[in-house]
1. Between a first residue in region A:221-235 that is more than 14 Å from A:Leu110 (Cα to Cα) and a second residue that is at pLDDT 65 or above and of a type in the set (Phe, Trp, Tyr), which pairs have beta carbons less than 8 Å apart while being 6 or more apart in sequence or on different chains?
2. Return a yes/no flag: does region A:113-123 have any residue that is at pLDDT 90 or above and more than 7 Å from every other protein chain (Cβ to nearest Cβ).
3. Restricting the search to region A:68-84, which residues are within 15 Å of A:His131 (Cα to Cα) and open to solvent by 20 Å² or more (accessible area, probe 1.4 Å)?
4. Out of all the residues in region B:9-16, is one or more modelled with pLDDT of 85 or more and facing chain A (nearest Cβ under 10 Å)?
5. Return the residue satisfying two criteria in turn: it lies in region B:75-123 and is part of a helix (DSSP H, G or I), facing chain A (nearest Cβ under 10 Å) and of a type in the set (A, V, I, L, M), and of such residues it is farthest from the chain's Cα centre (by Cα).
6. In region B:143-188, how many residues are surrounded by fewer than 24 Cβ atoms within 10 Å (Cβ to Cβ) and over 26 Å from B:Arg83 (Cβ atoms)?
7. How many residues are closer than 22 Å to B:Pro76 by Cα and open to solvent by less than 70 Å² (accessible area, probe 1.4 Å) when one looks only at region B:92-125?
8. Among the numbered criteria (1) in contact with a helix residue (DSSP H, G or I) (Cβ under 8 Å, 6 or more places away or on another chain); (2) in a helix (DSSP H, G or I); (3) open to solvent by less than 40 Å² (accessible area, probe 1.4 Å), which single criterion is violated by A:Gly96?
Amino acid sequence: MRPSGKNSLAFLRSIANKAIARAWMAPVAEARDASQIGLEIAKRPPVDEATHPHENELRALMIASLDGDASSYHALLTRLTGHLRAYYRHRFARIGHGPTEAEDLLQEVLIALHNHRHTYDRSQPFTPWIHAIARYKFLDYLRRTKSSFKDVPTASVEELTAESDIRAVESGLDLQRLMSKISSKARRVIQFVKLEGLSMREAAARCGMSESAVKVAVHRGLKALALQIREESKV
Amino acid sequence: MNTDRLIDLLSVDPQPVETGQLGKLLLMAMVTGGAVAVLLMLATVGARPDLQSTSHLEWLAVKLLFALSVIVSALPLLNGSIRPGSKNERYRRLVFLPFLVAIALALAMLLFSQPLAREPMLRGATKLSSARCLISIMFFAAVPLASVFWAVRKGASTRLKLSGGVAGLVAGAIGAAAYAFSCTSDTLPFVALWYGMAIALCAAIGAQLGPRILRW
């Protein structure tokens, strides 16, 4: 009786320890250079290339992006845009929605990725992360537009699938109009930093704000912009 | 808007991002919510009068142990559910473990006690103990629920009902831990039944609120 009790206690303790270790020992973010990133990827068990053909490249880009590398981030977003466009056009065709709506949602996902990139755990594979977001946003879109797979006329499906997946389409969203709906402070800093390409410091000097205040304003502005895009695509 | 333009917009000067913050935030929300719950407990029902003496301390320990084990077993699932794409299926069963252990022990105690002693064990110290327990725990869980939801919203849950439910479970367990200092019903069946039910109700409320509040 006694030894089995002791064993089960040890078993429970080991479960608890493992669970706590998994949950809380997320790697601390620190600046890493490219070689470190490469090393880190090499250490991980290889991801199944057949199911995620671009996992390793995309993940390396994501990690560099999280460390603040602008060109990696640009490359990552551009490549994801291609994948996401194909993903959404395919799904939107099936519910009888056009490429413009697909492009709206794609843009919403890019902004969601941007605003929630802190939820990516560097020790985990990247493609499941972005796939979960893309899928969530698609289901959310269905919910808020009350679309369902049932009320889709079959004829229009074929019509729509004939469309190419690579060509970009202007989304129905007008940037200037969307920008006019967010606060004037956020609009100004986004105008300076994101559209005119000023550095945070230059923008801070021009707005008469501290650099950290500019960062906060840009962050909030993008959040507000994301909200506006969501509102627009509800209709 | 042209998507390429949006990409330019987003990728100019991206700030380095720390990804370890989310867990800390969650912990902070729980500690803050727990502190408020304890203060609420002291301000309303008050700590049990015999807390000074050591005679009933083991019962306080049992109740706290139950509440804390619910929290600890739910944390991996909660922490995983607010990160898109994380595999957390294996953590789901862990959540039920504290409840199963408590119920099994309670049933064993009921089984081995006198038939006449069973009903008082479930009823608690007084007739109103069970109602007091349920209402107090859910009341004390309200602030932790709000604070944990706040932390979950900082993440990106792609399963709103699951995240809401687990957040409710954790909040309920925090409420139960706060109430443990006040509760004078010192039997295991009482704790398993009424604490368990109060925490489960909090989880159900969280699961209902999740899809509405946690959307992003």
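The values are calculated or read from the model by the stated rules, or taken from the named source; none is laboratory data. Computed from a predicted structure; not experimentally measured. Here the Cβ positions follow ideal geometry from the backbone for every residue, glycine too, while neighbour counts run over all protein chains shown. Heads up: the accessible areas ignore ligands, DNA and RNA and are worked out on the full protein's heavy atoms, side chains in. Shrake-Rupley method; radii C 1.70, N 1.55, O 1.52, S 1.80 Å.
1. Matching pairs, first to second residue: A:Ser233/A:Tyr141.
2. Checking region A:113-123: at least one residue is at pLDDT 90 or above and more than 7 Å from every other protein chain (Cβ to nearest Cβ).
3. Looking only at region A:68-84, we keep the residues that are within 15 Å of A:His131 (Cα to Cα), and these are A:76-77, A:79-84.
Scanning region A:68-84 gives A:Arg79, A:Gly82, A:His83.
4. Applying the first criterion (modelled with pLDDT of 85 or more) to region B:9-16 yields B:16.
When the remaining residues are screened for being facing chain A (nearest Cβ under 10 Å), the result is B:16.
Checked region B:9-16: at least one residue is modelled with pLDDT of 85 or more and facing chain A (nearest Cβ under 10 Å).
5. The residue in question is B:Val101.
6. 7
7. Looking only at region B:92-125, we keep the residues that are closer than 22 Å to B:Pro76 by Cα, and these are B:92-102.
After this cut, where a residue has to be open to solvent by less than 70 Å² (accessible area, probe 1.4 Å) as well, the list is B:94-95, B:97-99, B:101-102.
Final tally of qualifying residues: 7.
8. With (1) in contact with a helix residue (DSSP H, G or I) (Cβ under 8 Å, 6 or more places away or on another chain); (2) in a helix (DSSP H, G or I); (3) open to solvent by less than 40 Å² (accessible area, probe 1.4 Å) applied to A:Gly96, the lone miss is (2).
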